[in-house]
1. Scan the stretch 58-70 residue by residue and report those that are open to solvent by 30 Å² or more (accessible area, probe 1.4 Å) and in contact (Cβ under 8 Å) with a residue 24 or more places away in the chain.
2. Can you name every residue in the stretch 63-94 that is out of contact with any Gly (no Cβ under 7 Å at 6 or more places or on another chain), over 17 Å from ARG169 (Cβ atoms) and assigned to a loop (DSSP other than H, G, I, E, B)?
3. Go through (1) on the phi > 0 side of the Ramachandran plot; (2) of a type outside the set (Ser, Thr, Tyr); (3) open to solvent by 30 Å² or more (accessible area, probe 1.4 Å) for GLY137 and report which single condition fails.
4. One residue is enough: does the stretch 135-144 have a residue meeting the conditions modelled with pLDDT of 95 or more and either in contact with a Gly (Cβ under 7 Å, 6 or more places away or on another chain) or in a strand (DSSP E or B) (or both)?
5. Exactly one condition in (1) free of Cβ contacts under 8 Å to residues at least 40 places away in the same chain; (2) closer than 21 Å to GLY63 by Cβ; (3) surrounded by 13 or more Cβ atoms within 10 Å (Cβ to Cβ) is not met by ASN110; state its number.
6. Please enumerate the residues belonging to the stretch 125-134 that are hydrophobic (A, V, I, L, M, F, W, C) and either at pLDDT below 95 or more than 22 Å from ARG112 (Cβ to Cβ) (or both).
7. Suppose the filter is in contact (Cβ under 8 Å) with a residue 60 or more places away in the chain and not aromatic (Phe, Trp, Tyr); does VAL182 pass it?
8. Being of a type in the set (Val, Ile, Thr) and closer than 19 Å to ARG192 by Cα narrows it down to one residue among VAL70, VAL87; which is it?
Amino acid sequence: IRVTTTLAVVALTAAALGACSSDPKPKAAPVARTTTTQAPTPTPTPTPQGPNPLTGVGAPPAGPVIAVKVDDTAAGRPSLGLEKADVIYIEEVEGGLTRMVAVFASAKPNVRAVRSVRASDPELLRQYGRIIVVASGGGGRSLPTLDQSGLHSSINDRGGVGFSRDRSRPAPYNVVTNLATVSAAIKGDGVRNVGFTWAAA
């Protein structure tokens, strides 16, 4: 009961004071309103965290990823630069022979012996993004398929950058590519997670 009475007295007092006042109520001054439009913040490109997603060792490397078609026959051995590849695929080609696709991200060495691209290579390599493919020519639908894939390329037979020949070896097993030169000349995607998983230790 006490609480209710107190509230009633406060309400009556406020009403009486309002009725006794003869001064007109002051009008509020108009307030200018300004609207600020903030430019949208660009979404940053995600940077791989933790170890190199292609090897599980060391920090994620900088620079473009480059895939090189490399000979895998006795005539092309010893190869050059393969020990610095992050990933190597071995593909079966004609006559039961094999050829390699060496993927480089951590290092950009000289690589030999560069051989031709196959029409199936773009399907394999698109998982890495728009990377650079280095090869020495390609038969049939290989080069048109590569052109349509969205991958970047440096092809020896098309005047690509970074190629030379090792004159101590017979052709076609003497084509060398300098991946540092290719990396500087062609803008390709950097390293990304392609689904490999690694143990903590």
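1. Within the stretch 58-70, the first condition is being open to solvent by 30 Å² or more (accessible area, probe 1.4 Å), and the residues that meet it are 58-60, 62-63.
Matches in the stretch 58-70: GLY58, PRO60, ALA62, GLY63.
2. ALA85, ASP86, VAL93
3. (3)
4. yes
5. The failed condition is (1).
6. Taking the stretch 125-134 first, the residues hydrophobic (A, V, I, L, M, F, W, C) are 125, 131-134.
None; the set is empty.
7. Working: in contact (Cβ under 8 Å) with a residue 60 or more places away in the chain: yes; not aromatic (Phe, Trp, Tyr): yes.
Spelling it out, VAL182 is indeed in contact (Cβ under 8 Å) with a residue 60 or more places away in the chain and not aromatic (Phe, Trp, Tyr).
8. Values: VAL70 fails: closer than 19 Å to ARG192 by Cα.
On inspection, the qualifying residue turns out to be VAL87.
The values are calculated or read from the model by the stated rules, or taken from the named source; none is laboratory data. Everything numeric in this text was worked out from a predicted model, so none of it was measured. Quick reminder, even Gly has a Cβ in these numbers, built from the backbone with ideal geometry, and neighbours come from all protein chains shown. Just the protein is used for accessible areas: all its heavy atoms, side chains included, with ligands, DNA and RNA removed. Shrake-Rupley method; radii C 1.70, N 1.55, O 1.52, S 1.80 Å.
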